[in-house]
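Worksheet: one structure, shown below.
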Amino acid sequence: MANSGAEKLKLYSYWRSSCAHRVRIALALKGLDYEYIPVNLIKGDQFDPDFKQINPMGTVPALVDGDVVINDSFAIIMYLDEKYPEPPLLPRDIHKRAVNYQAMSIVLSGIQPHQNLAVIRYIEEKINAEEKTAWVNNAITKGFTALEKLLVNCAGKHATGDEIYLADLFLAPQIHGAINRFQINMEPYPTLAKCYESYNELPSFQNALPEKQPDAPSTI
Amino acid sequence: MVWFGFFSKQNKVIGEEETHNNRRNLRRRRTNSLLIVFDFYQAKLKLYSYWRSSCAHRVRIALTLKGLNYEYVPVNLLKGDQSDPDFKKINPMGTVPALVDGDVVINDSFAIIMYLDDKYPEPPLLPSDLHKRAVNYQATSIVMCGIQPHQNMALFRYLEEKINAEEKTAWITNAITKGFTAFENLLVSCAGKYATGDEVYLADLFLAPQIHAAFNRFQINMEPYPTLAKFHESYNELPAFQNAVPENQPDTPSTI
């Protein structure tokens with residue numbers, strides 16, 4: 001393990017959280033040992049005062065590294081990449097780095113905020129379930145269309161070439177959620193579908209899947 | 001020209017290690033001359049922007065901090081310029097900002113800012129300390145995914161149309177309140193004159209437009225957020241920040 005001997009990392013996670021999923025991939029890629037601490041978002045564990053001390057925003061994931069506490073999947077991933085540089089999560093070429101940042105941002109700010117639990121509960125409560133589904137589908141469609149256009153000319157085996165980079169860590173959970181939770185048809189997005197297939201062959205991606213987490217319900 | 005610029009950078013590094021002062025100074029003068037020539041012939045950066053877009057605002061600050069000249073290309077979001085086929089070729093998502101740097105087109109404010117920081121490293125937009133860098137990334141993310149997506153024009157229109165104007169206001173106010181509370185918690189122990197110390201970093205580029213909008217567009221009461229209010233005052237003293245504010249852009253309506 002890359003961090004054997006050091007105080008164990010702790011990851012506050014929810015099995016189905018796509019944000020936590022990203023970090024789980026990063027930890028596995030870097031070969032980092034960690035303690036998995038489940039936060040059940042359906043039951044409301046995120047409002048627990050002890051958890052609010054870790055993350056005042058009451059979201060997962062959160063990473064504890066000794067005295068350092070980092071909330072937010074992107075910040076955690078960048079911190080891990082800077083502290084444990086191998087394998088690197090960003091390419092050296094500045095244009096390819098920019099493509100990775102763009103892909104990350106499309107997911108982080110263009111898609112995921114419109115499909116998280118708080119938002120979908122709000123829309124269902126204030127309007128109705130059909131509107132909620134339409135809203136989420138629209139966000140995913142717009143985002144996947146943008147990702148397809150962004151990556152079609154620079155994808156290789158994976159999103160931005162033949163190595164795994166930042167974009168892949170954000171794509172994999174997003175596509176997994178789209179297929180398994182929101183029943184999105186991937187036919188209009190062949191580049192994304194091909195990337196997703198490529199992750200099936202990688203243990204670090206497979207081990208990070210929601211279904212394989214300690215808090216995944218036995219009934220799924 | 002790109003090779004020329006790269007060669008110059010290498011020369012500069014070698015020159016600085018030379019112990020002979022004359023040779024070092026001569027190389028520095030040659031390097032500076034080469035870089036000036038490089039800059040002169042470099043295609044001008046183009047920024048597709050809307051005066052009121054907080055995302056474009058962030059990039060405007062970055063460009064000014066780095067001392068970079070650019071052509072301002074306005075995209076009127078109210079009139080629907082973002083749906084124009086020509087603009088859709090630049091950015092299929094139909095959002096601003098977008099940066100064109102020769103053959104390179106980058107959409108998304110964060111990607112643009114990191115690209116600028118990679119390509120033009122001075123002044124650096126991230127500190128060297130690992131933990132402070134993480135704080136900058138967290139602050140950035142709070143804005144990018146915790147606040148701004150819940151206050152953009154598409155969502156305004158959707159909430160107002162499907163529910164009503166009061167619900168829209170409540171939603172946005174809630175997003176800003178949650179986000180600003182998170183900022184106060186995150187930054188209170190590491191802030192200096194600015195968000196993460198006495199130098200301007202990435203977090204400030206994301207905070208400044210957010211706080212500006214909270215004051216000027218959403219009438220948020222800043223009393224519960226004394227750390228953020230203090231930053232707002234600090235940014236008001238910096239030309240790079242003042243030049244980037246919505247009210248000072250070429251496409252700012254004369255009636256505001």
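Considering the stretch A:43-59 alone, what residues qualify as being farther than 15 Å from B:Ile142 by Cβ and either open to solvent by less than 100 Å² (accessible area, probe 1.4 Å) or outside any loop (DSSP other than H, G, I, E, B) (or both)?
Hits for the stretch A:43-59 are A:Gly44, A:Asp45, A:Gln46, A:Phe47, A:Asp48, A:Pro49, A:Asp50, A:Phe51, A:Lys52, A:Gln53, A:Ile54.
Does A:Ser198 qualify as being in contact with a strand residue (DSSP E or B) (Cβ under 8 Å, 6 or more places away or on another chain), part of a helix (DSSP H, G or I) and closer than 25 Å to A:Leu27 by Cα?
Yes: the conditions hold for A:Ser198.
Only one of A:Asp72, A:Asp81, A:Asp45 is of a type outside the set (Val, Ile, Thr), closer than 20 Å to B:Pro121 by Cα and in contact with a helix residue (DSSP H, G or I) (Cβ under 9 Å, 6 or more places away or on another chain); which?
Within the list A:Asp72, A:Asp81, A:Asp45, the selection yields A:Asp81.
Filter the stretch A:160-180 down to the residues that are in a loop (DSSP other than H, G, I, E, B) and touching a residue at least 60 places away in the same chain (Cβ under 8 Å), then identify the one that is surrounded by the most Cβ atoms within 10 Å (Cβ to Cβ).
Out of the qualifying residues, it is A:Thr160.
Can you confirm whether the stretch B:63-71 contains a residue that is within 12 Å of chain A (Cβ to nearest Cβ) and either within 17 Å of the chain's Cα centre (by Cα) or open to solvent by 50 Å² or more (accessible area, probe 1.4 Å) (or both)?
Looking through the stretch B:63-71, none of the residues is within 12 Å of chain A (Cβ to nearest Cβ) and either within 17 Å of the chain's Cα centre (by Cα) or open to solvent by 50 Å² or more (accessible area, probe 1.4 Å) (or both).
All but one of (1) open to solvent by 20 Å² or more (accessible area, probe 1.4 Å); (2) part of a loop (DSSP other than H, G, I, E, B); (3) in contact (Cβ under 8 Å) with a residue 12 or more places away in the chain hold for A:Val69; which doesn't?
Checking A:Val69 against (1) open to solvent by 20 Å² or more (accessible area, probe 1.4 Å); (2) part of a loop (DSSP other than H, G, I, E, B); (3) in contact (Cβ under 8 Å) with a residue 12 or more places away in the chain, the one that fails is (2).
Can you pull out the residues in the stretch A:19-52 that are under 27 Å from A:Ala167 (Cα atoms) and of a type in the set (A, V, I, L, M)?
A:Ala20, A:Val23, A:Ile25, A:Ala26, A:Leu27, A:Ala28, A:Leu29, A:Leu32, A:Ile37, A:Val39, A:Leu41
Among the numbered criteria (1) in a loop (DSSP other than H, G, I, E, B); (2) surrounded by fewer than 20 Cβ atoms within 10 Å (Cβ to Cβ); (3) more than 14 Å from chain B (Cβ to nearest Cβ); (4) at negative phi, which single criterion is violated by A:Trp15?
Answer for A:Trp15: the failing condition is (2).
Please specify each residue of the stretch B:77-103 satisfying the condition of being loosely packed, with under 14 Cβ neighbours inside 10 Å and either polar (S, T, N, Q) or not in a loop (DSSP other than H, G, I, E, B) (or both).
Selection gives B:Ser83, B:Pro85, B:Asp86, B:Lys88, B:Lys89.
From (1) more than 19 Å from the chain's Cα centre (by Cα); (2) closer than 25 Å to A:Gly143 by Cβ, pick out the condition that doesn't hold for B:Ala111.
(1)
So in the stretch A:124-142, with the set limited to residues that are assigned to a helix (DSSP H, G or I) and facing chain B (nearest Cβ under 8 Å), which one is surrounded by the most Cβ atoms within 10 Å (Cβ to Cβ)?
Once the filter is applied, the top-ranked residue is A:Trp135.
The values are calculated or read from the model by the stated rules, or taken from the named source; none is laboratory data. Model, not experiment: these values are computed from the prediction. Note: ideal-geometry Cβ built from the backbone for every residue, glycine included; neighbour counts use all protein chains shown. The accessibility values were calculated without ligands, DNA or RNA, using every heavy atom of the protein model including side chains. Shrake-Rupley method; radii C 1.70, N 1.55, O 1.52, S 1.80 Å.
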